[in-house]
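The values are calculated or read from the model by the stated rules, or taken from the named source; none is laboratory data. The model shown is predicted, which means the values in this text are computed figures rather than measured ones. Here the Cβ positions follow ideal geometry from the backbone for every residue, glycine too, while neighbour counts run over all protein chains shown. Keep in mind that these areas ignore ligands, DNA and RNA; they rest on the heavy atoms of the full protein, side chains included. Shrake-Rupley method; radii C 1.70, N 1.55, O 1.52, S 1.80 Å.
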Amino acid sequence: MRPPLSKLDIPVSEHGFYAGFSKDVAVGAKLLIMALVVWAVAFPENAASALGYLNTLILGVFNYWYIYAVAFFLILCLVLALLPASGRLRLGRDEERPEFSNFSWFSMMFSAGIGIGMLTFATAEPIYHFQNNPNVILGEVAGNSAEAVRSAYVWSFTHWGLSAWGAYAIAGLAFAYFSYRRDLPLTVRTALIPLFGKALSGRLGHVVDIVAVVAIVLGIAQTLGYGVEQFVAGLARIGLGDWLLVTGEDGNERASFAAILLALFIIVGASTLSALSGVGRGIKWLSNLNMGLSFFLLAFFLVFGSTLFALEVFFVGIWDYLRALPEISFAVWSDDGTEQGAALAGWQGGWTVFYWAWWIAVTPFVGLFLARISRGRTVREFILGAMIIPSIMCFIWFAFIGGTAIDLELNGAADNAILGVGISDQLYATLSVLLSDGLTWVFSVIVVVLLLTYLVTSADSAVLIINTINAAGDDGPKARPHIIFWGIALALVVGALLVVGGLKAIQTAMVIAALPFSFAMMLMGVSLIKAIINDSRRTAAAAAATSITGEERLSDG
């Protein structure tokens, strides 16, 4: 049997401003992103209308696609991890061992993946589903009641559990598998080698990488958007002035234009400096710092929060979630013309389908970052480490922080102080109910600092990954102007969309950008299956299954 393809020539510029970069990918991605920014700023009403129409169309037509795609990623992960033939394969040469310790690996993985989301949604999502979820819509439980807590946690765990991390793991595994076992470039197109071969050296590969860069920018913009809003809410809580907030059309307070500019200036400046220092220094140091602060905040809720209530929702919630997972992974609700059908479809489009699109949009970023820090690990170790440990951490946060918020509302201590504020302010509101004014201020400062470290880590990781894709998979140091450009570009996208339409505008743009990459993700899964089957056949035939050199390089997947 012929050995696998272990050489893919991606044209890069040899001199000039784009030396070392694939000019077609770098320029194409920049033009698309800047066109979006100019359109949103120069024609805000037209942009909002067009994006809204496309968002409605996608959520209505492709809801089945998103649900079934993520279910496929989850099943494929479990199969590849559990099968001995695939699980024992190493992401690299057989003698290689991991570059980073388990703690640093987990810290970078978690902070770059969904660290910001935890600070917003660990409180906000259980609180929302406590009020309304499919079980409430179907009339099985009453919203805002003790009976609604279990179903609230089933859906919260669904959105932040194995399915989310399964999408990340499939992308990361595909990138790492072909890069480290075949010595192919660490870029998105590489994951499709078994299907398209050397054709990925040209325009087809350029299109794949451009789509991935645009998805990364809009996916991370969604993450940063939530972070900016919560960062500004925290600055207001610690007394930096009323000018930070304005009242939105929904009656909730949101960040003002000046506050957005200030937050983005701080975040982009710090993240650019960190990105210039690389993964082994700035990002690793920041990741370890925010993990330490995260454990401190979590320890506070473990000791002083609603501990018994949280323990109950944690263990019962995991049991309910695992029991329900096979069914809800394939459940799709469509508007059947009834009030209940419309409510179910609207809820799923606004939550599950939105989340699946969000996770898919950031998979090229998180997946490539996971691949970058996971060389030397086995397929089984990578999948189980990337799925189970982060999921459990998410469940703990949701149980102890969100559970404390729900318990305070149930027992009357909060008196609607948590339910009555926007999602960006609910964590601070929970702290204010638990603590005296002085301690509330101290812990609000801690949350603001922690949030800033997550924002910086996510932004600088995204910039480095974007430049890796633009550089045809070269993850070494790049020219400073390119790092600075993408830092500014991220800030412009987040700022422009927040000013034009708030978080809703970012959500809309992200869902649209995720669709084309979702098809690439499905092809990656098929590509990975083909490669592992062929490598197993090579191993059985005592043929080379990892990269080889010289005249032996051929083109079989």
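Observations
- Rounded FRET efficiency, nearest 0.05, which uses the C-beta distance separating residue 541 from residue 436 and R0 of 56 Å: 0.20
- Restricting the range 40-104 to GluC sites (Glu not before Pro) in coil, as DSSP defines it, with at most 16 other Cβ within 10 Å: 95, 96, 99
- Cross-link pairs beyond the 30 Å C-alpha cut-off, checked among 30/198; 198/504; 30/530: 198/504; 30/530
- Between 0 and 90°, nearest 10: helix 63-82 axis offset from the chain longest Cα axis: 60 degrees
- Histogrammed with a bin width of 5 Å, the alpha carbon distances of the range 419-472 distribute as 4, 18, 17, 16, 12, 9, 8, 7, 5, 3, 1 percent, first bin at zero.
- Using 0.36 nm per residue and subtracting the Cα-Cα separation, the extra length available between residue 27 and residue 57 on full extension is 7.9 nm.
- Between helix 354-372 and the chain: long-axis angle, C-alpha atoms, 0 to 90°, nearest 10: 50 degrees
- Here the range 167-263 is treated as an ellipsoid with the same Cα gyration tensor; its semi-axes, largest first and in whole Å, are 43, 14, 10.
- Each Lys and Arg contributes +1 and each Asp and Glu -1, all at the Cβ; summed about the Cα centre of the chain, the dipole is approximately 2160 debye.
- 15 Å Cα-Cα reach of residue 23 towards aspartates and glutamates, excluding residues that sit fewer than 8 places from it in its own chain: 9, 14, 209, 474
- Whole-angstrom Cα spans of the range 30-82 along principal axes, big to small: 52, 28, 11
- Surface composition of the chain: carbon plus sulfur atoms contribute 64% of the solvent-accessible area (1.4 Å probe, protein chains only, all chains present).
- Once backbone amide H atoms are built at 1.01 Å from N, residue 305 has no partners under 5 Å, excluding neighbours fewer than 5 places away on the same chain.
- Length released on extending from residue 529 to residue 99, taking residue separation times 0.36 nm less the Cα-Cα span: 152.2 nm
- Each pair of Cα atoms in the range 300-394 enters the Kirkwood radius, and Stokes-Einstein at 20 °C and 1.002 mPa s then converts it into a translational diffusion coefficient of 128 µm²/s.
- Residues whose placed amide H lies under 5 Å from that of residue 12, excluding near-sequence neighbours: none
- Calculated from backbone phi, Karplus (6.51, -1.76, 1.60) coupling profile of the range 439-446 in Hz, x at Gly/Pro: 5, 4, 4, 4, 6, 5, 4, 4
- The C-alpha atoms of the chain define a longest principal axis, and helix 102-113 lies at about 70 degrees to it.
- Taking the charge dipole of the chain about its Cα centre, with +1 at Lys and Arg Cβ atoms and -1 at Asp and Glu Cβ atoms, the residue from 305, 319, 464 reaching farthest to the positive side is 464.
- Long-range amide H partners of residue 378 with built H, under 5 Å: 91
- Charge dipole of the chain about the Cα centre (unit charges at C-beta), most positive-ward option of 158, 4, 201: 4
- Using the Cα coordinates of the range 344-460, the gyration tensor eigenvalues translate into equivalent-ellipsoid semi-axes of 32, 20, 15 Å, sorted from longest to shortest.
- Under 12 Å from residue 7, Cα to Cα: aspartates and glutamates that are on another chain or at least 8 residues apart: 183, 551, 552, 556
- From phi via Karplus (6.51, -1.76, 1.60), per-residue ³J(HN,Hα) for the range 531-537 in Hz, x at Gly/Pro: 5, 5, 4, 5, 5, 5, 5
- Estimated at 0.36 nm per residue, the fully extended path between residue 78 and residue 238 surpasses their Cα-Cα distance by 53.1 nm.
- Across the range 109-169 the C-alpha pair distances fall into 5 Å bins from zero in the proportions 4, 19, 25, 20, 14, 10, 6, 1 percent.
- Value of relative contact order over the range 380-461, rounded to a whole percent, pairs C-alpha under 8 Å and six or more apart: 15 percent
- Kirkwood analysis of the chain, using all unique Cα-Cα pairs, places the hydrodynamic radius at 23.8 Å.
- Inverse of mean 1/r across different Cα pairs in the range 1-124, Kirkwood, Å: 20.6 Å
- Residue 19/residue 273 FRET efficiency (R0 30 Å; Cβ-Cβ; nearest 0.05): 0.85
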